Amino acid sequence: SDHMENIYGYLMKYTNLVTGWQYRFFVLNNDAGLLEYFVNEQSRHLKPRGTLQLAGAVISPSDEDSHTFTVNAASGEQYKLRATDAKERQHWVSRLQICTQHHTEAIGKNNPPLKSRSFSLASQGSANSPGVQRRPSQNAVSFFNVGHHRLPTGKRVPIMQPDHLVDVREMMSQAEGQQRDLIRSIECLPVSGHLTSLDQDLLMLKATSMATMNCLNDCFHILQLQHASQQKGSLPAGTTISWLEPKISLPNHFKNGAAQNFPAEINKPASVREEQSIAEPCQLTREPEEINPDEELEDICDDKEDDLGAVEEQRSVILHLLSQLKLGMDLTRVVLPTFILEKRSLLEMYADFMSHPDLFIAITNGTTPEERMIRFVEYYLTSFHEGRKGAIAKKPYNPIIGETFHCSWRMPKSDVATDASSNFPARSPSEQVTLSKDTEGQAELDYYTVKFVAEQVSHHPPVSGFYAECVERKMCVNAHVWTKSKFLGMSIGVTMVGEGILSLLEHGEEYTFSLPCAYARSILTVPWVELGGKVNINCAKTGYSASINFHTKPFYGGKLHRVTGEVKQNMTNMVVCRVQGEWNSVLEFTYSNGETKYVDLTKLSVTRKRVRPLEKQGPFESRRLWQHVTESLRDGDIDKATEHKRALEERQRNEERLRAETETPWCTKYFLKEGDGWVYHKPLWKTVSAAQTQQTDTN
């Protein structure tokens, strides 16, 4: 109670992009649980310019600097404030948090216990219902027209038959439709008045109805597993167990408890029906497909992710999501809202890391092991900037298992850096033979081709494999990445578990490397991306290694996006190159001879990737698979995008359950499991080795 004194003073308040920051006089009224502000101290006796209720609010120090913090009210309103220094910020934040906790707990104590609250909602005629006290003509139940439906009797049998399970599924579909309508009706209520969307009884109803439906779905899944296990031994050989789905689909099936007299499929967009009807990937061709780069066209898609409108409009949704998460929680199985998505798959994001193919190809042009290691470090550090689509932290689509992405780049040979001191020798006839048959007849082409393929090889855990090669320069890179995401309070952390190997076949060298962690900061205000962690690059043959540190911004002071690193010879422990700067701005390379080179990443030329048109892509290629989600996001139709996304995710879950019940293993298309990693099925080092063996046998 000693800390519950009223405090006041000047703070800077962020208004908008036009007005910016303005000094305002703030007063913390502990007795009323209010944060009020005035134009200045002299106008304190007048009506406040603004007031926030602190009960249920979230007080968050900002990651941007040591002076800024935000107050997010339960109503969705937000104040972004800045103190004069870190000490003053801590003073305000601690007092606001104490006041918030006090009034939030008071609300819980003053409300009736769960049992009586549930009774008041279920008893339409009760005069003691809080809804009746607020508005005698209307309580919560009558307002939403929630009826109670008895399950048909007489259908219990010792062993559930398939038609009985379908009947149960349809009953659950009815309940799910009512529950969705209930939540939609609550969320459409005003934030003030007699009956509001923040009413304590309605929030409790919303939470318990959602939890009940989740439990029912889990129970139904157990019934399906039991039924499958009972039937498994008695089925004739070759019999297919079909997945038990409702006779009519879930979305839009029931409105306010009334059954429609026509199938809901008619109401669905054709694209959603298509997404739900695509056959299981393993029933499609799983044979690797050779993509002809001549069929690919230069990409004209340019989806920047700088639009904050949806994020600002949906702040209450973010607050609701955060209230259900715990520190350190694994977010792999958490379905995040659609409006925070980028308009591309994670597989395509990996491809965008290759947007500087000239620097990639130039690695093998280094005349010494030292130069090649330095060139690889330069390429590695320039890849992350283009991998991000804008400054706003948005999340790419989670690839579904079996999803693939193909693209290529064409790089004029004149644009690839070579060493002035060495005219790179033309290939000898024996070297020419080692090229794959795909490149026969391309000797006179004036450009190099870099081909890329990625595949989602696992769903739980989520693992992606990707591979890129330049056949003309006999170099390739193979990598697998397991993305592990965790909730960190006001940030989300993503750990990239896995390893990549760059192979320079002309030199017989392999470079192993890993990827840094990524963080989405300030997720309640303007979310932004930060990289962090230590990355090592090693070449066992040459004895050169690189150590790179991506520095996260410290709580007090410090710069954003800072990176430092050094390249050294392991035998002598001599550092041959140092690097410092920002991974999304300017990098400074200092070499052992005293020379310094600056690379401005914002001015580096970007080579557009080449992608096949949608009509030529397979049904599980990223852009075709997600095309309706992407189109809806471009149109700003979040609800439609969510519907398409949910259809894809539901189909994936159903396929996964069916594989588990029938004990059918998943078969990948392009990548093979080797130890703890995944390797492309036809890597360049195998092709070159086979060609060299054939040439030897011929001689």
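List pairs: first residue in segment 282-308 and at pLDDT below 75, second residue hydroxyl-bearing (Ser, Thr, Tyr) anywhere in the structure, Cβ distance under 9 angstrom, at least six positions apart or on different chains. Pairs found: 282/664; 286/668; 303/630. Scanning segment 344-389 for residues that are β-branched (Val, Ile, Thr) and either touching a Cys at 6+ places or on another chain (Cβ under 8 Å) or within 18 Å of residue 467 (Cα to Cα) (or both) yields 361, 363, 364, 374, 377.
Residue 107 fulfils the conditions (1) closer than 28 Å to residue 521 by Cα; (2) open to solvent by 60 Å² or more (accessible area, probe 1.4 Å); (3) part of a helix (DSSP H, G or I) except for a single criterion, (1). Return only the number of the condition from (1) open to solvent by 50 Å² or more (accessible area, probe 1.4 Å); (2) assigned to a loop (DSSP other than H, G, I, E, B); (3) at pLDDT 80 or above; (4) not small (Gly, Ala, Ser) that residue 189 does not satisfy. Only one criterion is unmet by residue 189, namely (1). Criterion first (part of a helix (DSSP H, G or I) and within 23 Å of residue 471 (Cα to Cα)) does residue 632 satisfy it? Criteria not met by residue 632. Criterion applied to 609, 603, 640, 645 was being open to solvent by 30 Å² or more (accessible area, probe 1.4 Å), touching a residue at least 12 places away in the same chain (Cβ under 8 Å) and assigned by the TED database to the domain that holds residue 480, and the one residue passing it is 640. Applying the condition of being open to solvent by 40 Å² or more (accessible area, probe 1.4 Å) and in a strand (DSSP E or B) to segment 495-511 and asking which residue is farthest from residue 477 (Cα to Cα) yields 495. For segment 530-548, the set of residues classified as surrounded by 16 or more Cβ atoms within 10 Å (Cβ to Cβ) and not in a strand (DSSP E or B) consists of 542 only.
Taking only segment 565-621 into account, find how many residues are among the basic types (Lys, Arg), farther than 24 Å from residue 533 by Cβ and part of a strand (DSSP E or B). Lay out the reasoning, then the answer.
So in segment 565-621, the residues among the basic types (Lys, Arg) come out as 568, 578, 597, 603, 608-610, 612, 616.
Next, only the ones that are farther than 24 Å from residue 533 by Cβ stay: 597, 603, 608-610, 612, 616.
So of that shortlist, the ones also part of a strand (DSSP E or B) come out as 597, 610.
Adding up the residues that qualify gives 2.
Close Cβ contacts (under 8 Å, 6 or more residues apart or on different chains) running from residues in segment 549-578 that are assigned by the TED database to the domain that holds residue 89 and open to solvent by 60 Å² or more (accessible area, probe 1.4 Å) to residues that are among the β-branched types (Val, Ile, Thr) and at pLDDT 95 or above are absent.
In summary, residue 71 fulfils each of the numbered conditions (1) crowded, with 19+ Cβ neighbours inside 10 Å; (2) touching a residue at least 24 places away in the same chain (Cβ under 8 Å); (3) farther than 15 Å from residue 11 by Cα with the single exception of condition (3).
Being more than 23 Å from residue 674 (Cα to Cα) and out of contact with any strand residue (DSSP E or B) (no Cβ under 6 Å at 6 or more places or on another chain) is the filter here; which residues of segment 472-516 pass it? Selection gives 473, 487, 488, 489, 506, 507. Listed by position, the helices (runs of 4 or more DSSP H) enclosed by segment 310-395 that each have at least 3 residues that are open to solvent by 10 Å² or more (accessible area, probe 1.4 Å) and modelled with pLDDT under 65 are 315-323.
If I filter segment 223-233 for residues that are in a loop (DSSP other than H, G, I, E, B), open to solvent by less than 70 Å² (accessible area, probe 1.4 Å), at pLDDT below 70 and closer than 30 Å to residue 659 by Cβ, do I get at least one hit? Outline the logic, then answer.
Keep residues of segment 223-233 that are in a loop (DSSP other than H, G, I, E, B), which gives 233.
Restricting the remaining residues to those that are open to solvent by less than 70 Å² (accessible area, probe 1.4 Å) gives none.
So far as segment 223-233 goes, no, none of its residues is in a loop (DSSP other than H, G, I, E, B), open to solvent by less than 70 Å² (accessible area, probe 1.4 Å), at pLDDT below 70 and closer than 30 Å to residue 659 by Cβ.
One residue alone among 89, 95 is charged (D, E, K, R) and surrounded by fewer than 20 Cβ atoms within 10 Å (Cβ to Cβ), and that residue is 95.
Go through segment 194-207 and give me each residue that's surrounded by fewer than 19 Cβ atoms within 10 Å (Cβ to Cβ) and either modelled with pLDDT of 75 or more or touching a His at 6+ places or on another chain (Cβ under 8 Å) (or both). 194, 195, 196, listed by residue number. Close contacts from segment 649-668, counting a first residue that is under 26 Å from residue 288 (Cβ atoms) and modelled with pLDDT of 85 or more and a second that is among the small types (Gly, Ala, Ser) and open to solvent by 30 Å² or more (accessible area, probe 1.4 Å), with Cβ to Cβ under 6 Å and a gap of 6+ residues or different chains, come to none at all.
This table checks each residue for (1) buried (at least 20 other Cβ atoms within 10 Å of the Cβ); (2) within 19 Å of residue 350 (Cβ to Cβ); (3) under 19 Å from the mean Cα position of the chain (by Cα).
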position: 582; (1), (2), (3): no, no, no
position: 599; (1), (2), (3): no, no, no
position: 618; (1), (2), (3): no, yes, no
position: 622; (1), (2), (3): yes, yes, yes
position: 630; (1), (2), (3): yes, yes, yes
position: 661; (1), (2), (3): no, no, no
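The values are calculated or read from the model by the stated rules, or taken from the named source; none is laboratory data. If you're wondering where the values come from, they're calculated on a predicted model, not measured in any experiment. Counting neighbours? That spans all protein chains shown, and the Cβs are built from the backbone with ideal geometry, glycine included. Just the protein is used for accessible areas: all its heavy atoms, side chains included, with ligands, DNA and RNA removed. Shrake-Rupley method; radii C 1.70, N 1.55, O 1.52, S 1.80 Å.
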